[in-house]
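K.L.:
The structure is given below, and queries will be raised subsequently.
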Amino acid sequence: MTRTRLLMIGTAAVALAVSGGVVAGGWQDAPAQNATPVVEPAVSPPPQAEGAPTGEPAPAVPIAITPPSEPGAIEMAVVEDGDAAADGLATDEDAGEDEGESETEKAERLADETPAPRQRRRVAIVEAIDKITAESMRFEVEVGGRPVRFNQALIFTARACEVSADAELVQDSIAYLDITLQPKGTQVSAPRQIFRGWMFASTPALSGLQHPIYDAWIVGCKA
């Protein structure tokens, strides 16, 4: 193989790599694709409930229950006071340990107590509805990917999608979306942005899109 032919092959390979990088990096500027419904996984029927176990019949005559005597109550109060004193002693000991530890040890202990960050996902699951025609659809929007068009008018772009960490009290899905309004076939007019911000799956009525014609909210995130 001649030197000139090797040079031509190398130039062609570099050109293909550069063109591929440009296409992959410009998905969000590409024309929006039509939304497709999310296929829900098949749900197996619930198992048959077993019959309730048979118990003994209630006695015909009520059984009298004697309340505990006063000395027992006094002993219980003494035990509770002893537990409170022990708790106070343990609190004082913990305070003494905090005062005796170094700054490095304290920083390591606080680092272990720091909650884990939220986990990021690659796809946001959105549900939208046309309030005039009652048409609704649940579809996917890839984070950083190509915009998705719903009902030939709404264009969705996902910037981020996260799920709550295990240590958080409320398990939630959060997505940052851009929603623009541009009816298909009117490419002359610029799209009008009607929503930009975070949506929370736990509070769709507060964080979702509220529009005279359309409603949209985040349902979840998936890898």
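The values are calculated or read from the model by the stated rules, or taken from the named source; none is laboratory data. Values in this document were obtained by computation on a predicted structure and should not be read as measured data. Cβ coordinates were reconstructed from backbone atoms using ideal geometry, including for glycine residues, and neighbour counts include every protein chain displayed. Ligands, DNA and RNA are excluded from the accessible area calculation, which covers all protein heavy atoms including side chains. Shrake-Rupley method; radii C 1.70, N 1.55, O 1.52, S 1.80 Å.
K.L.:
Please find, among Ile132, Ile155, the residue that is farther than 11 Å from Ala175 by Cβ and open to solvent by 70 Å² or more (accessible area, probe 1.4 Å). Break it down stepwise before answering.
P.N.:
On the way: Ile155 fails: open to solvent by 70 Å² or more (accessible area, probe 1.4 Å).
The match here is Ile132.
K.L.:
Could you say whether any residue in the range 173-183 is over 18 Å from the mean Cα position of the chain (by Cα) and open to solvent by 40 Å² or more (accessible area, probe 1.4 Å)?
P.N.:
Applying the first criterion (over 18 Å from the mean Cα position of the chain (by Cα)) to the range 173-183 yields 179-183.
Then keep just the ones that are open to solvent by 40 Å² or more (accessible area, probe 1.4 Å); that gives 183.
Yes, some residue in the range 173-183 is over 18 Å from the mean Cα position of the chain (by Cα) and open to solvent by 40 Å² or more (accessible area, probe 1.4 Å).
K.L.:
While we're on this one: For Glu142, indicate whether it is over 21 Å from Arg192 (Cβ atoms), open to solvent by 80 Å² or more (accessible area, probe 1.4 Å), among the charged types (D, E, K, R) and in contact with a Phe, Trp or Tyr (Cβ under 9 Å, 6 or more places away or on another chain). Talk me through it step by step, then tell me what you get.
P.N.:
Values: over 21 Å from Arg192 (Cβ atoms): yes; open to solvent by 80 Å² or more (accessible area, probe 1.4 Å): yes; among the charged types (D, E, K, R): yes; in contact with a Phe, Trp or Tyr (Cβ under 9 Å, 6 or more places away or on another chain): yes.
For Glu142, the condition - over 21 Å from Arg192 (Cβ atoms), open to solvent by 80 Å² or more (accessible area, probe 1.4 Å), among the charged types (D, E, K, R) and in contact with a Phe, Trp or Tyr (Cβ under 9 Å, 6 or more places away or on another chain) - is met.
K.L.:
What strands (runs of 3 or more DSSP E), lying completely within the range 123-223, carry at least 2 residues that are more than 16 Å from Asn34 (Cα to Cα) and of a type outside the set (Gly, Ala, Ser)? First the steps, then the outcome.
P.N.:
On the way: elements: 123-130, 135-142, 148-150, 154-163, 173-181, 192-200, 214-222.
It comes to 154-163, 173-181, 192-200, 214-222.
K.L.:
Do we have any residue at all in the range 125-144 that's at pLDDT 95 or above and within 11 Å of the chain's Cα centre (by Cα)?
P.N.:
yes
K.L.:
Something else: Tell me the residue from Ala165, Ala175, Ala201, Ala216 that is more than 19 Å from Ile129 (Cα to Cα) and in contact (Cβ under 8 Å) with a residue 24 or more places away in the chain, please. It would help to see each step written out before you state the result.
P.N.:
Values: Ala175 fails: more than 19 Å from Ile129 (Cα to Cα); Ala201 fails: more than 19 Å from Ile129 (Cα to Cα); Ala216 fails: more than 19 Å from Ile129 (Cα to Cα).
Just a single option satisfies the conditions, and that option is Ala165.
K.L.:
Report yes if Arg192 is modelled with pLDDT of 95 or more and more than 15 Å from the chain's Cα centre (by Cα), otherwise no.
P.N.:
Details: modelled with pLDDT of 95 or more: no; more than 15 Å from the chain's Cα centre (by Cα): yes.
No: the conditions fail for Arg192.
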